[in-house]
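Working notes, beginning with the structure itself.
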Amino acid sequence: MSQEFLPFTRPSIDEATIAGVAEVLRSGWITTGPQAKAFEAALSAHCGGRPVRAYSSGTITMEIALRLAGVGAGDEVITTPLSWVSTANVVLEVGARPVFVDVDPRTRNIDLSLVEVKKNTKAIIPVDLAGLPVDRDKLYSIAKAKNLRVIEDAAQAFGASWKGKPIGSFGDFVSFSFHANKNITTAEGGALVLSSEKDIALAEKLRLQGITRSGEDGMDCDVAGGKANLTDVAARIGLGQLPHLKRFTERRRALAKRYFQLWDRALGCELPVEDFENCNWHMFQVVLPEKRSRGAFIAGMREAGIGVGVHYPAMHLFSLYRSLGWREGQFPHAERIGRSIVTLPLFPAMNDRDVDRVCEAAAKVLK
Ligand SMILES: Cc1ncc(COP(=O)(O)O)c(C=O)c1O
């Protein structure tokens, strides 16, 4: 009997949320309005009451955070090469230069011991790859000592925590994504946690053309903002997702535990860090042995009815970044991991048997 295709991820949207979205669609107000406000309030509650503003994507959220931090032409921003290319593209978008630092091969996150702060270094963008948080104690001690702004690219880390505190409830700027693959989704969307009330006005203006309204009919524009507001349709999906966060995260943890139990260590793959405290298990990623062809593994798994993702090739080797002077050999860990990393299926609706199936298929393909 042929089995249903198992993708590497799939959102879990319940019927109440679908009905809620239908209600918004019938309400006569579908763009930014009461649902977006309610979503921001719910996110703020999750983030210890800090101010949160919602946007149309995680990418624009980070770009706005960089603008709020005053990052622009002539500035440098430190980040990891092992992330979605959005992380560095936003630095270019504001006219600054991304400066890559290699990753720790164990965590696959930026190796903070390699960070070198120079005269023009203005900020650092750490990325919590797969939802495994970068060491926040080390991060903020460097930021404080070197006077750096931090824009946490926590796109993958919603629901993760650091020593018992939710990611987003402390620190400088924290940027989330609610893209369809994320642990909580709005189909597309993002949110920025602010560290100061004084940034609220500009954070709002930058998402809607720089406009401020006053009185019944007053309108002014004093900054060239863009168009980055989250719709009420999207916000209603997010509001329907949030009550499930704890259950989703617990289910992801249980599935990850099962991977650790069943994965055949003799296959020679590198497994993720076994962190069942902080990590939200956004992804379960293994690094294949270097001599194995990743393409052949993906094709073999697809033949077995299993989807496998690639997150991510080291971005400094993309044409754009090569054209800016980055080259092979500079970040050996990120390059090696970027060539051989695969994302295995992990999402809350998966059952235990699905993990068994992935482990069995991977063993067959790799043997
Ligand atoms: C690490 C990381 N940074 C940034 C982003 C950008 O988020 P979005 O796709 O919502 O623009 C994503 C998600 O796609 C991501 O995984």
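Output the relative contact order of the stretch 15-243, whole-number percent, from Cα pairs under 8 angstrom with separation of 6+ residues.
Working: 485 pairs, mean separation 63.2, N = 229.
It comes to 28 percent, rounded to a whole number.
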- Length-normalised contact order of the stretch 246-366 in % [C-alpha pairs under 8 Å, at least 6 apart]: 38 percent
- Per DSSP H run of n ≥ 4, the term is -39500 (n - 2.57); total these for the chain, divide by its residue number, and report the mean residue ellipticity at 222 nm rounded to 500 deg cm²/dmol. -10500 deg cm²/dmol
- Query: Taking a 21 Å limit on the Cα-Cα distance, which of the listed pairs K37/K227; K119/K144; K119/K146; K37/K165; K163/K246; K182/K246 fall beyond it?
  - Reply: K37/K165
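Length gain on complete extension for the stretch K118 to A254, per 0.36 nm per residue less the alpha carbon to alpha carbon distance? Numbers along the way, then the final one.
Details: separation 136, 0.36 × 136 = 48.96 nm, distance 4.30 nm.
That pair, K118 and A254, stretches by 44.7 nm at full extension.
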- Query: How many angstrom separate the Cα center of the stretch 2-53 from the Cα center of the stretch 295-367?
  - Reply: 29 Å
- Message: Sort 64-77, 217-230 by packing, meaning the average of other beta carbons within 10 Å per residue, with the highest value first.
- Response: 64-77, 217-230
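What number, in nm² with one decimal, is the all-direction average of the projected area of the convex hull of the alpha-carbon atoms of the stretch 1-110? List each step's numbers first, then the result.
Details: hull surface 48.2 nm².
One quarter of the hull surface, i.e. the mean projection, equals 12.1 nm².
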- Message: Using the basic label-point model (7 angstrom from Cα toward the beta carbon), what is the D217 to R292 distance in nanometres?
- Response: 6.9 nm
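Pull out the extension gain between L92 and L324, defined as 0.36 nm times the separation in residues minus the alpha carbon to alpha carbon distance; nm, one decimal. Mind showing how you got there, number by number?
Details: separation 232, 0.36 × 232 = 83.52 nm, distance 1.06 nm.
So the chain would gain 82.5 nm between L92 and L324.
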- Query: By how many degrees, 0 to 90 and rounded to 10, does the Cα axis of helix 34-46 deviate from the longest principal axis of the chain?
  - Reply: 60 degrees
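Can you tell me what share of the DSSP beta bridges in the chain is antiparallel? A percent to the nearest 5 is fine. Working shown, then result.
Values: 22 of 37 bridges.
Here the share of antiparallel DSSP bridges comes out near 60 percent.
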- Calculate the dipole size of the chain relative to its Cα centre from +1 charges on Lys and Arg beta carbons and -1 charges on Asp and Glu beta carbons; express the result in debye to the nearest 20. 640 debye
- Helix 294-303 versus the longest principal axis of the chain: what is the Cα-based angle in degrees, 0 to 90, to the nearest 10? 80 degrees
- Enclosed volume per residue, in Å³, of the convex hull spanned by Cα atoms of the chain: 144 Å³
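Rule-based calculations on the coordinates, nothing more; no lab input. In this text the structure is predicted, and so the values were computed from the model without any measurement. FYI the Cβ positions are ideal-geometry reconstructions off the backbone, even for glycines, and counts take in every protein chain you see.
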